[in-house]
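**Q** Pasting in a structure now, in structure tokens, and then I'll have a few things to ask.
The values are calculated or read from the model by the stated rules, or taken from the named source; none is laboratory data. Please read all numbers here as calculations on a predicted model, not as lab measurements. Positions of Cβ are generated from backbone atoms using ideal geometry, with glycine treated the same way; all protein chains shown enter the neighbour counts. Surface areas here come from the heavy atoms of the whole protein model, side chains and all, with no ligands, DNA or RNA. Shrake-Rupley method; radii C 1.70, N 1.55, O 1.52, S 1.80 Å.
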Amino acid sequence: MKRGNWRASGTDRQRQHSQSQWRSRHRPLHDDFHRDAPLNENDVMYSPSCCKPLPGFYFDPEKNRYFRLLPGHNNCNPLTKEGLQKKEEEKKRSALLAEDDGPRKKAPRTGLNSALLLQKRHLGCTHFCRLIHEVKVSGMQRHRLEVQSSNSTSPNTDNFHLIVADSACERVFTVNDVSHGGCKYGIMNFHGYRKGSLSVEMCDNLYFTNRKVNSVCWASVTHTDSHVLLCLVGISQTPGCVSLLPASLFSNFNPDQPGMLCSFKISTAWSCAWCLNPQADKTFSTGLSRQVIVTDAVTGRRATYLAGSDVLAQQFAVRAPVLFNGCRSGEIFSIDLRQRDRGRSHGWKTSRFFQESAITSIQLLQDENYLLAADMLGKIKLWDIRVKRSVKQYEGHHNEYAYLPIHVNEPEGLLLAVGQDCYTRLWSLHDSSLLRTIPSPHPAGKDSIPNVVFSSQLGGSRGLPGLLMAVRHDLYYYSYNKDYQDGLTLEGQC
């Protein structure tokens, strides 16, 4: 080999070595995706632009670093998309909760208080009422309730599963999940006061069952809300049943004759409803898999109506003996109990319309020409039953698969719903605007979805409007701000 060629070869080797070192120092980030070993918090991925998302990596703004992400099923990796999303949601909930606990702000977007509402009456009735609703809802403050009980040595440590208030909102039927399986149920008595305070007393006669409670409603057998209708799921060799329990059974002063107590052998029922129309006196319905059973509570006579899907929600009209049903298929149909034709056709369905997903709750408005329906896609729609058409939609509700109810309070003009994200949302019933989003006092979870009750007179005739919330084993009361009470009377003059 010639001397010049030998020197040239040495120069090429040095150049290749230098290029190799430069490539290793400036290797693109996407080359690291092929490494088998996961990165820990000490393996930092730098980028000149920290705000740009990099596939497979997570940028922590607090630590100013990138961290490697692995699939969520890898139990050894502390950083997953699901975990990071949950962390961000919890951070947002804590911030909203701290904001709620702080000094109350004025009504959102309006900056109004009760004194300034007088100056806004020229805007028109609709806009004026909406401003009042915003003032009411924005002024609600959270208070934790202590449940009084004669057995004070055993505080409630079981999570609330269901709460259902009677028509006067003086009693609330509660179902609690028991840690060793099954559930317990009883009645809480509420007493409201003009100053805005609320006291709670738990009955001593709690009943336990090893079966799951699917649905509950109040029943008027001897007088208004004299009984409770309870749907129990069958287990093992024990079939499901529907129990009609007298409310006096749970009284702390239980008489010798508590009243009519019945149990009906009905297979697993998804929903139930009690009829208040005199033409179908003492009649209740149960929604089952692909059928509806209407039962006379006194004689035990039944009428069966076939349905094309599981009936998850039910409600009776008051002016006529008509039963409205919501199905897993998204179908909403009504049954007129005065019609005797129960053939295989759908001729007995007096009205029929559809939503896109499974119906979880239905609520008739007082004029009974409009019906609210919520489904498992998070859609809440207001239907005009006469023309079978959706006329309003309430945006913001979150649901993917849960069985979640909606609540309507027409005197206050409010619609309420608790989402699967554990946020309680309140809408204006008339113009469908979202008025307030209330974060849960507990971290979000499948077993932490709040149960709520709203009433214009929470705790009886002396009570004030407010929201009752049960989360895990705690009770909270959201009351109207007393500073707004004088201005709120203006709404009745509109």
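**Q** Looking for something touching a Phe, Trp or Tyr at 6+ places or on another chain (Cβ under 9 Å), surrounded by fewer than 18 Cβ atoms within 10 Å (Cβ to Cβ), more than 22 Å from residue 408 (Cβ to Cβ) and of a type in the set (Lys, Arg) - is there at least one such residue anywhere in segment 177-189?
**A** There is at least one residue in segment 177-189 that is touching a Phe, Trp or Tyr at 6+ places or on another chain (Cβ under 9 Å), surrounded by fewer than 18 Cβ atoms within 10 Å (Cβ to Cβ), more than 22 Å from residue 408 (Cβ to Cβ) and of a type in the set (Lys, Arg).
Rundown of residues vs (1) open to solvent by less than 20 Å² (accessible area, probe 1.4 Å); (2) under 15 Å from residue 214 (Cα atoms); (3) in contact with a Lys or Arg (Cβ under 6 Å, 6 or more places away or on another chain); (4) not aromatic (Phe, Trp, Tyr), yes/no style:
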site: 267; (1), (2), (3), (4): no, yes, no, yes
site: 275; (1), (2), (3), (4): yes, no, no, yes
site: 281; (1), (2), (3), (4): no, no, no, yes
site: 290; (1), (2), (3), (4): no, no, no, yes
site: 293; (1), (2), (3), (4): yes, no, yes, yes
site: 296; (1), (2), (3), (4): no, no, no, yes
site: 318; (1), (2), (3), (4): no, no, no, yes
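**Q** Would you confirm whether any residue within segment 410-426 is surrounded by fewer than 19 Cβ atoms within 10 Å (Cβ to Cβ), at pLDDT below 95 and among the hydrophobic types (A, V, I, L, M, F, W, C)?
**A** Checked segment 410-426: no residue is surrounded by fewer than 19 Cβ atoms within 10 Å (Cβ to Cβ), at pLDDT below 95 and among the hydrophobic types (A, V, I, L, M, F, W, C).
**Q** With segment 281-325 as the region, which strands (runs of 3 or more DSSP E) entirely inside it contain at least 3 residues that are of a type in the set (A, V, I, L, M, F, W, C) and in contact with a strand residue (DSSP E or B) (Cβ under 7 Å, 6 or more places away or on another chain)?
**A** Strands (runs of 3 or more DSSP E) meeting the threshold: 291-296, 311-316.
**Q** On to the next question. Which residues, taken from segment 400-441, are in contact with a strand residue (DSSP E or B) (Cβ under 7 Å, 6 or more places away or on another chain) and within 24 Å of residue 327 (Cβ to Cβ)?
**A** 403, 404, 405, 406, 407, 408, 415, 416, 417, 418, 419
**Q** What are the residue pairs meeting all of these: first residue in segment 179-202, first residue aromatic (Phe, Trp, Tyr), second residue in a strand (DSSP E or B), Cβ atoms under 6 Å, and 6 or more apart or on different chains?
**A** 185/175; 185/207; 190/200
**Q** Separate question: Do you know which of the residues in segment 71-89 that are open to solvent by less than 60 Å² (accessible area, probe 1.4 Å) and at pLDDT 70 or above is farthest from residue 57 (Cα to Cα)?
**A** Among residues in segment 71-89 that are open to solvent by less than 60 Å² (accessible area, probe 1.4 Å) and at pLDDT 70 or above, the one farthest from residue 57 (Cα to Cα) is 83.
**Q** Taking only segment 212-236 into account, find how many residues are farther than 17 Å from residue 250 by Cα and open to solvent by 20 Å² or more (accessible area, probe 1.4 Å).
**A** 6
**Q** Do you know which residues across segment 432-459 are closer than 20 Å to residue 408 by Cα and open to solvent by 20 Å² or more (accessible area, probe 1.4 Å)?
**A** 432, 434, 436, 437, 449, 451, 454, 456, 457
**Q** Can you confirm whether residue 341 is farther than 20 Å from residue 372 by Cβ, modelled with pLDDT of 90 or more and open to solvent by 10 Å² or more (accessible area, probe 1.4 Å)?
**A** no
**Q** For segment 376-392, what are the residues that are over 18 Å from residue 423 (Cβ atoms) and either out of contact with any Leu (no Cβ under 8 Å at 6 or more places or on another chain) or open to solvent by 60 Å² or more (accessible area, probe 1.4 Å) (or both)?
**A** Those that are over 18 Å from residue 423 (Cβ atoms) and either out of contact with any Leu (no Cβ under 8 Å at 6 or more places or on another chain) or open to solvent by 60 Å² or more (accessible area, probe 1.4 Å) (or both): 384, 386, 387, 388, 389, 391, 392.
**Q** Step by step: first the residues of segment 392-445, then only those that are more than 15 Å from the chain's Cα centre (by Cα) and among the hydroxyl-bearing types (Ser, Thr, Tyr), then the one that is nearest to residue 356 (Cα to Cα). Which residue is that?
**A** 432
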